[in-house]
Every structure is written in C-alpha cells, then in structure tokens.
Amino acid sequence: MNNKYVNRSKISEAKFRKLVKLFSLDLTAKQISELTDLNRNTVNRYLSGIRVRVAEHCNKIDPHSSTNNSLIEQKIKDHTVIGLSENLQKIFISIPDQSLISKIKEIQESENNHFNRLNPDKVFYDVFFDIESEWYFSLKKFKNESDHSFRKKYNRIDGFIGFLKNRVTKFRGMRKSTLYLHLKETEFRYNYKDTDLYYLLLKILRNNPLF
C-alpha cells in the first residue's frame with residue numbers, strides 16, 4: 001500500500017497519519033486502537049517503530065551520543081540510573097556506565113568526597129537520576145560551575161526531572177528492554193514542547209520511513 005512514511009505498509013497513509021496525530025497527543029495504545037479501528041498489536045508495532053525514530057532523532061542532535069546506529073541494543077537492564085546533560089537549552093538522556101555510577105556513590109559515601117578522582121573527560125553528564133529510587137546527584141561542584149552562572153541550566157534539568165517523574169507512572173510494569181525508548185520519547189516531548197509534534201514527526205518519518 002502506498003505510504004511515504006512506512007515501507008511496505010499494510011495501512012493507508014491517511015490511517016497512519018491519524019495514528020501519528022494521536023501519538024503526538026500522547027494517547028495510549030489502547031486509545032489509539034479504539035480511535036483508528038486498528039488491531040492493538042498493529043498499533044503497538046507502529047508505535048514502537050515511531051519511538052525508535054524519535055530516539056534516533058534525539059541521539060542525532062545530542063552532542064555526546066555515539067549510539068545512533070544501535071538504539072535497540074541500548075537497554076536498561078538491572079539498573080535504572082540515567083545520565084542527564086543539557087546543551088543549548090535541550091535535555092538529553094543516556095545510560096551511563098555503571099562502573100562510573102558505582103565510583104560516584106562510593107566517593108559520595110566517603111568522608112572526603114574527592115571527586116577529583118574521576119576523569120572529567122568521561123563525565124559529560126550534569127546530573128544522575130535513578131527513576132526508581134529517585135537518587136539524585138549533581139556534578140555542578142565537580143565541574144566547578146558557579147551557582148549564579150549555571151542556575152538556569154540546572155533549573156531546566158530539575159524541570160525536566162519533574163516532567164519525567166510525571167510520565168514514569170506510564171512506564172510501570174513495562175519491560176526494561178522497552179523503557180529506554182519511552183525515556184527518549186519523554187526527552188523528545190520535553191525538548192519540543194513548544195513545537196507541533198505532529199508535523200515534526202511526519203517530517204522525521206518522511207526522511208526515514210519505518211521498517
């Protein structure tokens with residue numbers, strides 16, 4: 001079926017555009033299925049594909065990302081700590097190396113707090129946040145960033161964490177292998193909250209069709 005947004009599509013372009021519109025409004029798969037008369041499994045398949053494209057787009061503009069070509073392989077497994085970085089007023093999520101998290105927690109629990117034991121070149125993150133325990137750690141002091149100069153930056157990150165926490169309830173009971181894509185969707189929605197997501201998504205999918 002002819003559809004410039006999906007290779008070998010089994011649904012019409014008009015039907016797919018409606019699905020994208022409902023996704024942009026942040027409706028659930030169940031709601032989208034009911035409003036489009038599409039099978040729930042079909043809806044989930046398309047939503048998963050859209051989230052992959054969203055994550056690819058987010059990583060493409062993230063100056064620190066090196067996972068553009070292997071998104072599905074980047075999964076949250078036995079941990080839920082994410083690294084947050086800010087660049088040009090956008091917030092980016094990535095999954096930090098757990099050895100780094102362990103080292104930071106070890107230093108944090110020590111009496112001296114010698115964060116100079118870390119390699120600054122490897123720590124491009126601004127904040128670490130555990131989406132389950134809500135453990136929060138800012139690297140502002142480690143980076144010698146003054147409260148005055150970087151107040152807006154860390155206020156934006158804290159604002160994003162509040163936005164993320166409100167959406168995390170939607171992820172409960174979800175397989176951790178898919179959680180990464182939902183986190184990147186949250187990043188996308190936050191960074192483009194003042195943009196018409198429907199038209200932005202169509203542009204992304206037109207340039208890189210699903211499947």
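For the pair segment 36-58 and segment 195-210, the centres of their Cα atoms are 12 angstrom apart.
Working out 0.36 nm times the residue gap between Tyr154 and Lys176, then minus their Cα-Cα distance, what length gain in nm do you get to one decimal?
Numbers: separation 22, 0.36 × 22 = 7.92 nm, distance 2.75 nm.
Using 0.36 nm per residue and subtracting the Cα-Cα distance, I get 5.2 nm.
Take the Cα of Glu13, step 7 Å toward its Cβ, do the same at Asp97, and the gap between the two points is 4.7 nm. For segment 139-191, a simple Cβ point-charge model (Lys and Arg +1, Asp and Glu -1, everything else neutral) yields a dipole of about 120 debye relative to the Cα centre. Of Ser177, Ser85, Ser94, which has the largest mean-square fluctuation in a 10 Å C-alpha GNM of the chain? Highest fluctuation among the options: Ser177. Please give the helix 176-191 orientation as an angle from the longest Cα principal axis of the chain, in degrees from 0 to 90, rounded to the nearest 10. Helix 176-191 sits roughly 90 degrees off the main axis of the chain. Computed from Cα atoms, the angle from the helix 98-109 axis to the main principal axis of the chain rounds to 40 degrees.
If R₀ is 41 angstrom, what is the calculated FRET efficiency for the pair His64 and Asp37, using the beta carbon separation as r and rounding to 0.05? Intermediate values should be presented prior to the final figure.
Numbers: r = 42 Å, r/R0 = 1.03.
E between His64 and Asp37, to the nearest 0.05, is 0.45.
Taking GluC sites (Glu not before Pro) as exposed when DSSP calls them loop and at most 13 other C-beta atoms lie within 10 angstrom, the chain has its longest site-free stretch at 1-110.
Axis angle, to the nearest 10 degrees, between helix 13-24 and the longest C-alpha principal axis of the chain: 30 degrees. Charges were assigned to the Cβ only: +1 to each Lys and Arg, -1 to each Asp and Glu. The resulting dipole of segment 13-207 about its Cα centre is roughly 700 debye. In the set (1) 86, 31, 29; (2) 64, 33, 29; (3) 47, 39, 32, which value of Cα extents along the principal axes in Å was calculated from the structure you see? Computing Cα extents along the principal axes in Å and matching it to (1) 86, 31, 29; (2) 64, 33, 29; (3) 47, 39, 32 gives (2).
No value in this document is a laboratory result; all are computed from the given coordinates. If you're wondering where the values come from, they're calculated on a predicted model, not measured in any experiment. Cβ atoms come from the backbone with ideal geometry, glycine included; neighbour counts cover every protein chain shown.
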